[in-house]
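Heads up, the thing below is written out as structure tokens.
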Amino acid sequence: MDLADIFGPTGPLTQIEGYEHRPGQVDLALAVQAVLNTRHPGIFKAGTGIGKSLAYAVPPIWATYAPRDEDDISVPSQVLPLVIATSTKNLQDQLFEKDLPFIVKVLNLPFLKFARLKGISNYFCHRNAQEVKLENTWLIDQLEGKIAEGWGGDWEALDVEVESRERARLSTDVDNCDGKRCPFALQCCYRQNRENAKDAKVLIINHHVLAMDMKMGGEILLPAYRSLVIDEAHAFDEAITGVFGSTWHFWKFMGYVKRTRRALKQCSVPDPDGELQAELDAVNKNLAEECRTFFADIDAKNLPIRLTPALKRTRSPGPVLAWAEKLVEVLKKATKHIPAGTPNEKILERIVRQIRADVTVGSDNWSNDDPNMVGVVDRNTHGARQGAPLEFTFAPIDVRPILKDHLWNKGKRIVMTSATLGYGNRVGDFARKVAAPDAISTVFSSPFDYKRQALIFTSGDGPPPDYQNEAAFQAYAAKRIVELVDASRGRAFVLCSSRRAMEYYANLLGARFAKEYQVLLQGTLTKTQIIERFKERPSVLFGTKSFREGVDIAGEALSLVIFDKIPFPSPSDVISAARSEQYGDRWFYEYALPEAAEALEQAFGRLIRRMTDRGCFAILDTRMEQKYKAYGKAIMEALPPASWTDRIEDVRAFFEAEEAAA
């Protein structure tokens, strides 16, 4: 049985409830097979509805495990696993809970073990719990009780609420994990999860885990593997940017002072004359003063700002780092009062290692003159709290050298796929963007009848959304939002260009909509909770970038997606600004416009998920028509070929026809 048989109209996949034979899915599966045979990377844009997860998972599995005859169900030995990396939890859930179990069942592969491997920060850390226990014994006792009942330490699987701040303290990361040196190594939830996954023949991971493994040299966090599929590949550069960059703030050393005080108390370190506490007080006082001095002349009202060479020349991190080293001396002095080799000694030694690691990171980043790295000064809560301390973020501008060295040159069979790779059908542009060598680049069109199923609404009769006309544009957009939501009878995402805009429209319109619909606001609940509530009854969600992807709401529950503005990269985003500079005078058409068009195309995919779905996609930005020749036309051509209108009456008629047919 070959792939054409498996995906054929009468093949084994038809056993899946609701499965439909789709020629595009067969073509994608054959293209994935070609990648396995030729070793050229595959860059495949697969429109929504293709069924790409089965199309990329079946070929490598079947090529390895296809039985030689009908009675052969033996397990091939020495087979390296398939790794599938995705951006969103929703797709990981779909693969783990639905797609792979179906493949095992319909292809009769009962021996095929698959596992989900998450990053270390997703798990409860026994060692960190010992520090937290000093302040919150009840919480740690409760969590340790859950582990005794069978909880594996995965925060996502926990059935009790733990505040995000406490979760962060009770988790760890690769840089701060002691590995085999940890006194709790045998109990480690993360290690146990890795152990359970070691024999898996298919591993499901997220982009971040893959990027971390790449940074560590490859096949460190992950086992040796042969084939790699990167789904939702349009977002992979974000993971690369985050992992190969770093975020660092001086105020973290103040946290180390607090941890040291708690540790000295927890470890019962003798301090009869108060010498250690006096030294800690001096470190605390001087660290705070040096941090304030360092940031004294940075305009906190205009963040984020770029860390320019001129800005670096006016200050030095030396005094702050010197006091951090003084804290290390205090810890070493305290260690002398603790019996060697005991758990208490290890607690203090661990704090020392972490401080020194952060000192090294700070010093190295500050002296790094790599032209491919950009530095950003911002608040460490992403500006959400005005009093939050400042931090530095260092990020790569161009990810292509990283991908070349850490991905393409490793001899793996690699497929990158997504519903949005290169705006419109410019998939070759994406292949060049990620430096994929000699790639097989193909577009597989969606099977949906967009002309019948979807309507795009734009309007050019309002003010432009620029700074001078902001108030007038918001009033215009609010009026349009009301008209559109009334026409769709709720069931709407209102996706805004910024958190400030989201809060403005929610405050202005929320009470009105709440009379008829459930009103949801991004940030008040987790994304998963919001989606579940949205499905329950007619709702209006006010959100931002987070809800453009990773959302699968089939049926009529989501029938309207509204964008207030074209999502061009923000001028205040320092990393985007640095990247746009690579394109010179062509920065708008070669960087900003493709980024915006891809974001809109990705969001459009939230609207039409099934053959029976119908919906309206509205862009209120008046530049869509007022700048039609300049770039509005290019954006329209990048979106699926739906019907289009600039008349609100047509939107009403579209939804009235749906109601009449119900």
Percent relative contact order for region 190-314, counting Cα pairs under 8 Å at least six residues apart, stands at 19
So, relative contact order of the chain in percent, Cα under 8 Å, 6 or more apart, is 17
The long-range amide H neighbours of Gly42, using H built 1.01 Å from N in the peptide plane and a cut-off of under 5 Å, are Ile414, Val415, Met416, Ile440
So Glu656 and Ala557, fully extended at 0.36 nm per residue minus their Cα-Cα distance, gain in nm 34.1 nm
For the chain, the per residue accessible area (1.4 Å probe, Å²) is 46
Extension length gain for Glu329 and Arg500 (0.36 nm per residue less Cα distance), in nm, is 57.0 nm
Rounded to the nearest 10 Å², the accessible area of Met611 using a 1.4 Å probe with every protein chain kept is 70
Filtering chymotrypsin sites (Phe, Trp or Tyr not before Pro) in region 409-472 by DSSP loop and by at most 11 other Cβ atoms within 10 Å leaves none
Region 311-470 -> Rg/Rh from Cα coords, Kirkwood Rh, value 1.16
Checked region 470-546 against the a/c 1.5 cut and the a/b vs b/c comparison, axes a ≥ b ≥ c from its Cα gyration tensor; verdict oblate
Judged on accessible area alone, 1.4 Å probe, highest first, Trp62, Trp248 line up as Trp62, Trp248
With R₀ set to 22 angstrom, the calculated FRET efficiency between the beta-carbons of Ala340 and Asp178, to the nearest 0.05, is 0.85
For Asn372, the residues 5 or more places away or on another chain with a placed amide H closer than 5 Å to its own amide H are none
Descending accessible area (1.4 Å probe), largest on the left, turns Tyr123, Tyr476 into Tyr476, Tyr123
The percentage of the accessible area of region 267-393 (probe 1.4 Å, all protein chains present) made up of carbon and sulfur atoms, to the nearest whole number, is 53
Phi-derived 3J(HN,Hα) across region 217-234 with the Karplus relation (6.51, -1.76, 1.60, θ = phi - 60°), rounded Hz, x for Gly and Pro, is x, x, 6, 9, 6, 9, x, 4, 9, 9, 10, 9, 10, 10, 8, 6, 5, 4
If one compares the long axis through the Cα atoms of helix 318-335 with the longest principal axis of the Cα atoms of the chain, the angle in degrees, nearest 10, works out at 60
Per the C-alpha gyration tensor (a ≥ b ≥ c, the square roots of its eigenvalues), region 168-290 is rounded if a/c is under 1.5, else prolate if a/b beats b/c, else oblate; here it's oblate
In the list [x] 95, 64, 56; [y] 74, 61, 48; [z] 84, 73, 50, the entry giving Cα extents along the principal axes in Å computed from the coordinates is [z]
Using a 1.4 Å probe on heavy atoms of the protein chains only, the accessible area for Asp364 in Å², nearest 10, reads 90
Rounded to the nearest 10 Å², the 1.4 Å probe accessible area of Asp299 is 80
In region 511-560 the accessible area split gives carbon plus sulfur, as whole percent at 1.4 Å, a share of 48
If R0 = 56 Å, then Asp369 and Arg537, at their Cβ-Cβ distance, give a FRET efficiency to the nearest 0.05 of 0.50
Carbon plus sulfur, as percent of the 1.4 Å-probe accessible area of region 87-235, comes to 48
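The values are calculated or read from the model by the stated rules, or taken from the named source; none is laboratory data. All values derive from a computational prediction rather than experimental measurement. Every residue, glycine as well, gets a Cβ built from its backbone with ideal geometry; the counts of neighbours run over all protein chains shown. Just so you know, the surface numbers come from the protein's heavy atoms only, side chains and all, with ligands and any DNA or RNA stripped out. Shrake-Rupley method; radii C 1.70, N 1.55, O 1.52, S 1.80 Å.
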